[in-house]
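Below is one structure, written out as structure tokens; the observations come after it.
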Amino acid sequence: MSVNPELVGRVFPPTAPYLVGREKVREFARAVFATDPQHADPAAAQALGYPDIVAPPTFAMVIQDLTLQQLLAEPDAGIALERTIHAEQRFAYSRPIVAGDELRATLAVTGVRAVGKGAMVTSEARIVDADGAHVVTATSILLIGGEDA
């Protein structure tokens, strides 16, 4: 296994604030075929009680990606991007992401498990708003192929 097992328990610094833009939410919604009006029309979102348009649930991946970039850049991780497959993704929401949110994310590596010549790396990105209130935890499992795989 080329992945460093000592990654488990490592917590990375919080990301810079990410301001969720209305057009970014609309673009993402179109890309994932989320056609519900709450993803594009502020009036439709407000009718549901939200201050602005609501991001599709998988939008959290945009913010989580910033944390995964930290992990992939870690010199002692032993993770080679060219041998990496995003194997699984889960989200646990406290509330939806809406346009205007300013979000930060902190990544923690929660597991490294040998799989053949490679490894599975599990990480959790805790995403909070500008007040520090939890919005969503995004759990990712990366499958890293071994050097001879």
Amide H partners (placed H, <5 Å) of residue 55, local residues excluded = 97, 98, 99
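Can you work out the FRET efficiency for the pair residue 65 and residue 95, with r the C-beta to C-beta distance and R0 = 25 Å, to the nearest 0.05? Walk me through the numbers on the way to the answer.
Details: r = 21 Å, r/R0 = 0.82.
That pair, residue 65 with residue 95, gives E of 0.75.
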Chymotrypsin sites (Phe, Trp or Tyr not before Pro) lying in DSSP loop within segment 1-101, provided at most 14 other Cβ fall within 10 Å | 33
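Net charge near residue 107, counting Lys/Arg +1 and Asp/Glu -1 over other residues with Cβ under 15 Å of its Cβ?
On the way: positive: 10, 90, 104, 126; negative: 65, 74, 124.
Once all neighbours under 15 Å are counted, the net charge is +1.
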Got a sec to turn the phi values of segment 108-119 into Karplus ³J(HN,Hα) couplings, 6.51 cos²θ - 1.76 cosθ + 1.60 with θ = phi - 60°, whole Hz, x for Gly and Pro?
-> 10, 7, 10, x, 9, 10, 5, 9, x, 8, x, 7
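For residue 21, what is the net charge nearby, where nearby means another residue's Cβ is under 13 Å from its Cβ and Lys, Arg count +1, Asp, Glu -1? Mind dumping the intermediate values first?
Values: positive: 22, 24, 26; negative: 23, 27, 52, 101, 102.
So the environment of residue 21 carries a net charge of -2.
May I ask for the net charge around residue 123, where only other residues with Cβ less than 15 Å from the Cβ of residue 123 are counted and Lys, Arg are +1 while Asp, Glu are -1? Intermediate values should be presented prior to the final figure.
Details: positive: 10, 90, 113, 126; negative: 6, 65, 74, 88, 124.
Taking every Cβ under 15 Å from that of residue 123, the sum is -1.
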In nm, to one decimal, how far is the residue 30 label point from the residue 58 one, both placed 7 Å along Cα→Cβ?
-> 1.7
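If I compute solvent accessible area with a 1.4 Å probe over the protein chains, what percent of it on the chain is carbon and sulfur? Write down the numbers at each step before the final one.
Numbers: 4210 of 7630 Å².
Of all accessible area on the chain, carbon and sulfur atoms account for 55 percent.
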What is the spin-label model distance, in nm, from residue 48 to residue 113 if the labels are put 7 Å beyond Cα along the C-beta direction?
-> 3.4
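How much mean residue ellipticity at 222 nm does the chain get from its helices, if each DSSP H run of length 4 or more adds -39500 (n - 2.57) and you divide by all residues, to the nearest 500 deg cm²/dmol?
Working: 3 runs with 30 residues, N = 149.
It comes out at -6000 deg cm²/dmol, rounded to the nearest 500.
Any idea of the accessible area per residue across segment 20-93, 1.4 Å probe, to the nearest Å²? Provide the component values of the computation, followed by the final result.
Numbers: 4140 Å² over 74 residues.
Per residue, segment 20-93 has an accessible area of 56 Å².
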Once both axes come from the Cα atoms, what is the angle between helix 60-73 and the longest principal axis of the chain, in degrees from 0 to 90, rounded to 10?
-> 30
For segment 39-149, diffusion coefficient by Stokes-Einstein and Kirkwood Rh (Cα), 25 °C, 0.890 mPa s, µm²/s = 161
Relative to the longest principal axis of the C-alpha atoms of the chain, give the angle of the C-alpha long axis of helix 22-31, reported between 0 and 90° and rounded to the nearest 10°.
-> 60
Just need the relative contact order of the chain here, percent rounded to a whole number, with Cα pairs under 8 Å and 6+ apart.
-> 31
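The values are calculated or read from the model by the stated rules, or taken from the named source; none is laboratory data. Everything numeric here is computed off the predicted structure, so don't read it as measured data. Because the Cβ atoms are built from the backbone with ideal geometry, glycine has one as well, and the counts that use them run over all protein chains shown. Protein only, heavy atoms only, side chains kept; ligands, DNA and RNA dropped before computing areas. Shrake-Rupley method; radii C 1.70, N 1.55, O 1.52, S 1.80 Å.
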